[in-house]
Amino acid sequence: MSAAVSDTSRNGLWDRFSIGQKRVIWAWTFLALPIVFYGAIRFYPTFQAFWLSFTNWDLLRPAQFIGVQNYVTLVNDPQFWQVFRNTFAYLIIGTPISLVLSFLIAYYLDRVRFMHGFIRALYFLPFLTTAAAMAWVWRWFYQPPPIGVINGFLGSVGLPAQPFLRSLEQGLPSIMVTAIWAGLGFQIIIFMAGLRAIPSTYYEAARIDGLGEWAILRKITLPLLKPTTVFLVVFSSIGFLRIFDQVYNMTTNDPGGPLNSTKPLVLMIYQTAFSSFNMGYAAAQTVVLFTILLIVSLLQLWVLRTR
Amino acid sequence: MTATVPSTEFKFNTSSIRPGRIIAWTVLFIGGVIMITPLLFMFSTSLKSAGQVYDLRLIPAAPSFDNYVKVLSDGRFMRWFFNSTFVAVAVTLSNVFFDSLVGYTLAKFQFRGRYFIFLAILSTLMIPTEMLVIPWYLMSAQLGWIDSYWGIMFPGMMTAFGTFLMKQFFETVPDDFLEAARVDGLNEFTIWWKVAMPLVTPALSALAIFTFLGNWTAFFWPLIVTNSRDLYTLPVGLSSFAVEQSIQWEMIMTGAAIATIPTLLVFLVLQRYIVRGVMLAGLKG
């Protein structure tokens, strides 16, 4: 590990350092490779992405600086605004639904003693599956009759068949259900951890004071659970803003279709960069994604500060 | 304070069974069954022949492993399974080593620039992968990393999340332990590896579980960086396989089952550790 000193005077030189200096040398030795990594694989590519967003690079010719042209094109691209709306639809509908569901499940599951581990496992299992694989299972579920499981069920109880992924209105919600399903187990476990971290003395005191279930939930549980909730809101928001695996796999014959009605920003980035090889334009789209995610993260900090 | 999640002690001493409880339990149970319905149908259909796919009964009339034999026979899935495992294990080992080394250094060493390094690493959490894939792709093209294991692995070899997690845990290790080791004449690397690391094994296992699962299921970057079928990871391979099978749902379900079974089996063995790991990381992270 002492690559800094290699010749025969090793002991002499090394011993001249004080204990404090030696520790500083150790520290920087430990950090040397990680600093190279973060510099080359995180920071340099970040600046490069910003720079590329101001070029017309297309893999064939060298990148040329074209100012904000990509951003102007983006703002005037109707597909972008469609994709922008879709992305926020995933976020604004998906996050509240998955949070309310996971809280309710965690709240009641936390009190269940009978077969607790088994029921918890039922909810947690989907978290351990591969999104790409399960997207195909859900895609099969949504197929028209007589193939699709959901339409088979609807038919058996006398309800009309639904088009699901083939319709402009139902496509996005259908994919969103898959994404909510995939993330629910994780959120439930985190909520349960948060619930258990609340000291039971608070509950006992509230009971002695004669507070009912509802009052305890509103006055003790929810306020004390705020850090957990904020964490999950941000985690889940970022997840929905970056949705890709499910959409890509559930709409492979017409990615993001029908008529771009399910296409999120990351899928647009993927197509611009790796189907059209319009790297500069795609870089501009990633900068937009970065900005949106940054705003969401800063909102989290702001919410936690004003507590 | 070691961060152990409070155990399942009784919060309420009501042991009497009330009707509300029974209703809540039943609703929870039904919800749980709905949650695993996609998994049940996936396994059920993977055991059906092409003619039985339209029969939506959960228990196959004549279950057989023929689909598995067919899907596994050409060796593609074996190869993808190996690729995914190799990549996920290598990235996990790298993260366990480097994230904890950096976390330890930032938690236990005093030196100028420590706070700056910490903030710099933490700030990379703000940068989404999607923004970096284009530069990474360019870098991989120039250095010949496209279509290689290293190309799939390099972006994840260290993570800010893991470093932050490990720093949090190393801060709970008492300095006395490390001082005692120093008096014994151990060098700093040995102190970290032999003294400090064993004290944070719960955090290490949480980090390992997260990293492994994240890389095992990763789709976006492996899809971009691999072109040849031999280097696909399991999710990318499955996706291409499913497109190729078109409407042969029993084959697609078999592929999906093959991609899902390994993590589910691991889960059954390690359920307690995984749940605890997720809780730990969630509380600290």
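The values are calculated or read from the model by the stated rules, or taken from the named source; none is laboratory data. Computed from a predicted model, the values in this text were never measured in an experiment. Because the Cβ atoms are built from the backbone with ideal geometry, glycine has one as well, and the counts that use them run over all protein chains shown.
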Quiz item: So which residues in region A:112-133 are under 19 Å from the mean Cα position of the chain (by Cα), outside any loop (DSSP other than H, G, I, E, B) and closer than 11 Å to residue B:264 by Cα?
Solution: A:124, A:125, A:126, A:127, A:128
Self-check item: Residue within region A:213-224 that is within 13 Å of chain B (Cβ to nearest Cβ) and either within 30 Å of residue A:135 (Cα to Cα) or among the polar types (S, T, N, Q) (or both) present
Solution: yes
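Might you let me know whether region A:119-139 holds any residue that is surrounded by fewer than 17 Cβ atoms within 10 Å (Cβ to Cβ), of a type in the set (Val, Ile, Thr) and within 11 Å of chain B (Cβ to nearest Cβ)? Talk me through it step by step, then tell me what you get.
Filtering region A:119-139 down to residues surrounded by fewer than 17 Cβ atoms within 10 Å (Cβ to Cβ) leaves none.
For region A:119-139, residues surrounded by fewer than 17 Cβ atoms within 10 Å (Cβ to Cβ), of a type in the set (Val, Ile, Thr) and within 11 Å of chain B (Cβ to nearest Cβ): absent.
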Exercise. Might you check whether a residue that is modelled with pLDDT under 95, closer than 30 Å to residue B:269 by Cα and in the same structural domain as residue A:269 (by TED's automatic domain parsing) occurs anywhere in region A:144-164?
Key: no
Quiz prompt | Within region A:252-283, tally of residues that are in contact with a helix residue (DSSP H, G or I) (Cβ under 7 Å, 6 or more places away or on another chain) and closer than 24 Å to residue A:57 by Cβ | solution = 18
Exercise. Count, please, the residues in region B:270-285 that happen to be in a helix (DSSP H, G or I) and more than 7 Å from chain A (Cβ to nearest Cβ).
Key: 9
Quiz item: Pairs, please: C-beta under 7 Å, at least 6 apart or cross-chain, first residue at the interface with chain A (Cβ under 7 Å from one of its Cβ atoms) and in region B:257-269, second at pLDDT below 85?
Solution: B:267/B:274
Quiz item: When region A:218-232 is examined, which residues are found to be farther than 16 Å from residue A:91 by Cβ and either in contact (Cβ under 8 Å) with a residue 24 or more places away in the chain or outside any helix (DSSP H, G or I) (or both)?
Solution: A:221, A:224, A:225, A:226, A:227, A:228, A:229, A:231
Quiz item: Are any residues in region A:140-152 polar (S, T, N, Q) and facing another protein chain (nearest Cβ under 9 Å), and if so, which ones?
Solution: A:143
Quiz item: What number of residues within region A:38-57 are more than 7 Å from chain B (Cβ to nearest Cβ) and assigned to a helix (DSSP H, G or I)?
Solution: 7
Quiz item: Of A:74, A:91, A:59, which residue is at positive phi and in contact with a helix residue (DSSP H, G or I) (Cβ under 9 Å, 6 or more places away or on another chain)?
Solution: A:59
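What number of residues within region A:253-269 are within 9 Å of another protein chain (Cβ to nearest Cβ) and surrounded by fewer than 24 Cβ atoms within 10 Å (Cβ to Cβ)? First the steps, then the outcome.
Keep residues of region A:253-269 that are within 9 Å of another protein chain (Cβ to nearest Cβ), which gives A:253, A:265-266, A:269.
Among the residues that remain, those that are also surrounded by fewer than 24 Cβ atoms within 10 Å (Cβ to Cβ) are: A:253.
Total satisfying the criteria: 1.
From the set of residues in region A:66-97 that are outside any loop (DSSP other than H, G, I, E, B) and closer than 12 Å to residue A:281 by Cα, which is farthest from the chain's Cα centre (by Cα)? Even if it seems obvious, please write down each step before you answer.
Step one: list which residues in region A:66-97 are outside any loop (DSSP other than H, G, I, E, B), which gives A:69-75, A:78-97.
Within this subset, residues satisfying the condition of being closer than 12 Å to residue A:281 by Cα are A:69-75, A:80.
Numbers: A:69: 30, A:70: 26, A:71: 25, A:72: 28, A:73: 27, A:74: 24, A:75: 25, A:80: 21 Å.
Top of the filtered list is A:69.
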Quiz item: When you look at residue B:239, is it among the hydroxyl-bearing types (Ser, Thr, Tyr), modelled with pLDDT of 90 or more and part of a helix (DSSP H, G or I), yes or no?
Solution: yes
Self-check item: Checklist (1) at pLDDT 90 or above; (2) outside any helix (DSSP H, G or I) applied to residue A:179, failing item
Solution: (2)
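So that you can scan it fast, the table gives a plain yes or no per residue for (1) more than 19 Å from residue A:93 (Cα to Cα); (2) among the hydrophobic types (A, V, I, L, M, F, W, C); (3) in a helix (DSSP H, G or I); (4) in the same structural domain as residue A:300 (by TED's automatic domain parsing):
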{"site": "A:215", "(1), (2), (3), (4)": "yes, yes, yes, yes"}
{"site": "A:234", "(1), (2), (3), (4)": "no, yes, yes, yes"}
{"site": "A:261", "(1), (2), (3), (4)": "no, no, no, yes"}
{"site": "A:269", "(1), (2), (3), (4)": "yes, yes, yes, yes"}
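Please find, among B:246, B:205, B:228, B:240, the residue that is at the interface with chain A (Cβ under 10 Å from one of its Cβ atoms) and within 30 Å of residue B:128 (Cβ to Cβ). Give the derivation first.
Working: B:246 fails: within 30 Å of residue B:128 (Cβ to Cβ); B:205 fails: at the interface with chain A (Cβ under 10 Å from one of its Cβ atoms); B:228 fails: at the interface with chain A (Cβ under 10 Å from one of its Cβ atoms).
Only one candidate passes the filter, namely B:240.
Being in contact (Cβ under 8 Å) with a residue 60 or more places away in the chain and hydroxyl-bearing (Ser, Thr, Tyr) is the requirement here; does residue A:237 meet it? Steps first, please.
Working: in contact (Cβ under 8 Å) with a residue 60 or more places away in the chain: yes; hydroxyl-bearing (Ser, Thr, Tyr): yes.
Considered against the rule, which asks whether it is in contact (Cβ under 8 Å) with a residue 60 or more places away in the chain and hydroxyl-bearing (Ser, Thr, Tyr), residue A:237 comes out as yes.
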Quiz item: When region A:149-173 is examined, which residues are found to be in contact (Cβ under 8 Å) with a residue 40 or more places away in the chain, assigned to a helix (DSSP H, G or I) and among the small types (Gly, Ala, Ser)?
Solution: A:171
